[in-house]
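Contents: one structure, followed by commentary.
No lab work stands behind these numbers, since they all come straight from the coordinates. As the structure is a computational prediction, the values presented were derived from the model and not from experiment. Counting neighbours? That spans all protein chains shown, and the Cβs are built from the backbone with ideal geometry, glycine included.
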Amino acid sequence: MGFSPQVNELVLTNSTTDVTVVTAPAASTIRMVSSITVYNADTVSATVELKIDVSATEKRLVSQILIAGESLVYEVKQNLDSTMKIEVVLAGAITTNQLECTAVYADYS
């Protein structure tokens with residue numbers, strides 16, 4: 001069994017569309033997500049919603065308002081198979097800075 005730790009860092013700029021922060025793994029792989037962090041580097045508040053998508057059916061994991069300079073740390077401990085991914089969507093206007101997102105996970109094959 002192989003083990004491959006990974007970190008996905010991205011900048012969230014869209015306030016209306018789901019953004020995939022952890023993609024679905026290959027069919028023969030299990031992806032174990034250990035944490036997702038979202039930091040509000042903007043000057044205004046933003047609502048952050050994390051969702052799990054299973055075969056195009058979404059379930060909210062957490063929704064939180066982040067004031068400027070605040071972080072959401074979500075320790076999900078979620079195993080994903082090839083039909084699952086984790087997404088984030090923002091509500092609120094992004095003004096001068098974007099929100100920074102980091103997902104930490106490992107693949108097992």
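Quick notes on this one:
- Residue within the stretch 31-40 that is touching a Lys or Arg at 6+ places or on another chain (Cβ under 6 Å), surrounded by fewer than 17 Cβ atoms within 10 Å (Cβ to Cβ) and either touching a residue at least 60 places away in the same chain (Cβ under 8 Å) or in a strand (DSSP E or B) (or both) present: no
- Test: residue in the stretch 62-79 that is within 22 Å of A26 (Cα to Cα) and more than 13 Å from the chain's Cα centre (by Cα): yes
- Selection over the stretch 57-82 of residues that are part of a loop (DSSP other than H, G, I, E, B), loosely packed, with under 13 Cβ neighbours inside 10 Å and not basic (K, R) gives a count of 3.
- Taking first residues from the stretch 66-83 that are in contact (Cβ under 8 Å) with a residue 12 or more places away in the chain and closer than 25 Å to V44 by Cα and partners that are part of a loop (DSSP other than H, G, I, E, B) and of a type in the set (D, E), the Cβ contacts under 7 Å between residues at least 6 apart in sequence or on separate chains come to A68/D42.
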